[in-house]
Structures are given as structure tokens and as C-alpha cells.
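Remarks on the structure that follows.
Nothing in this text is a laboratory measurement; each read-out follows from the coordinates by a stated rule. This one's a predicted model, so the numbers in the text were calculated from it and none came from an experiment. We place every Cβ from the backbone using ideal geometry, glycine too, and count neighbours over all the protein chains shown.
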Amino acid sequence: MRHRALQGGAVRMAIIGGSCRFGLWHVHVWWSGDVVQRVRFAKTGIPGTVPAPVLQYCAGMPVDLSRMQSIAVEGDSLFSRIYRAVRDVPYGATATYGAIAAMTGTAPRVVGRAMAHNPTPLVIPCHRIVAARGLGGFTPSVEIKEALLAMEKKGKSRVKE
């Protein structure tokens, strides 16, 4: 656990970090209260806990992570507007870079850049944003994007049954 000073320096909050598994990958999550600060995929885990919804999601349960708070949507920058639009893409669905660009008044390449810099993937589901012809990219591996989309497709079909 680590602490950081907030505005004014008088108030401090604990940022908790931990990881859980998603297939062969570990999902590192840093969070405080109901706000997710950062999410990363790695080949090794770190000790600590993750929020229950992220743990359930990574276990394949159809969980709506859009209810979680993310630092990515704070403010009114172009990227934060893009992240808010991406957050509205529902579990098991996809949208194109072009569609998100049209919603936010920018270009598809700018949306792609925002996805590459997304501090909280899963909470801001950048894996659901695809190219007009293909999947598009994903850091650190497009195989993670493929696995996340396949898991959501399977989870969505289970919910319908």
C-alpha cells in the first residue's frame, strides 16, 4: 500500500495495489476507495487485493465495470471525453474507432491514441473498440483483446439463456 498527497497536501489517501489472473496474464490494479487509478496487464503478479468486480470479471462472470470510477474520465480533455464514450460501450458489444471519433468530434487515429494511453483498461473497456476491418491493437498483446472479447461473447450468451 502506498499513500499520496491530495490537493493542498493536508489530506492523504491510501492507494491499494494488487493483481488477479486473466488466463496466462496478471491484471494489476491500483485503486483507492471506489476510484481505480491504474490497470495494467503483466506476466507476473503483485501481492495485494483487487476490487471484487474486477476479480469477478477476470473470472469470466458478466460484470458491468462501468459502475466503477476511473481517473480517466475526470476533467473535460479530449481523451476524457473519448473515455466516457468508450465506457458506454456495453459488455459483449464493440464499437469502431470511427464511431467513437464521430461521437467525440475527432479522428479515429486520435481515438486509437487515447486507447493506447488508457490508464484503466477494463474499467474503460478499450478492448471493445475495434478497427473498421479487424481488431486493431492492444497493449501489451492483441491476444488479450481477443481473449477479453471472446470471454464477453461467451458471458453475454450465458446471460441470455
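The residues packed around F41, meaning those with a beta-carbon under 15 Å from its beta-carbon, carry a net charge of +3 if Lys and Arg are +1 and Asp and Glu are -1. Pairs of Lys residues in the chain, spaced 8 or more positions apart or belonging to different chains, with C-alpha separations under 22 angstrom: 4 in total. Of A131, A14, A114, the residue with the greatest mean-square motion in the GNM of the chain, using alpha carbon springs below 10 Å, is A14.
Shape summary: region 95-161 maps onto an equivalent ellipsoid whose semi-axes, from the alpha-carbon gyration tensor, are 22, 14, 11 Å in decreasing order. What is the ratio of the Cα radius of gyration of the chain to 2.2 N^0.38 Å, with N the residue count, to two decimals? Ratio of Cα Rg to 2.2 N^0.38 Å: 1.04.
Only helices enter this figure: runs of n ≥ 4 DSSP H residues, each worth -39500 (n - 2.57), summed and divided by the residues of the chain, yield -10000 deg cm²/dmol at 222 nm to the nearest 500.
Using the average count of surrounding beta-carbon atoms within 10 Å as a protection proxy, the listed peptides 121-127, 74-80, 143-149 rank, highest first, as 121-127, 143-149, 74-80.
In this structure, H117 and K156 have a Cβ-Cβ separation that, at R0 = 22 Å, corresponds to a calculated FRET efficiency of about 0.20.
Hey, with R₀ at 22 Å, roughly what FRET efficiency would A59 and A131 work out to, going by the Cβ-Cβ distance, to 0.05?
Efficiency, rounded to the nearest 0.05: 0.15.
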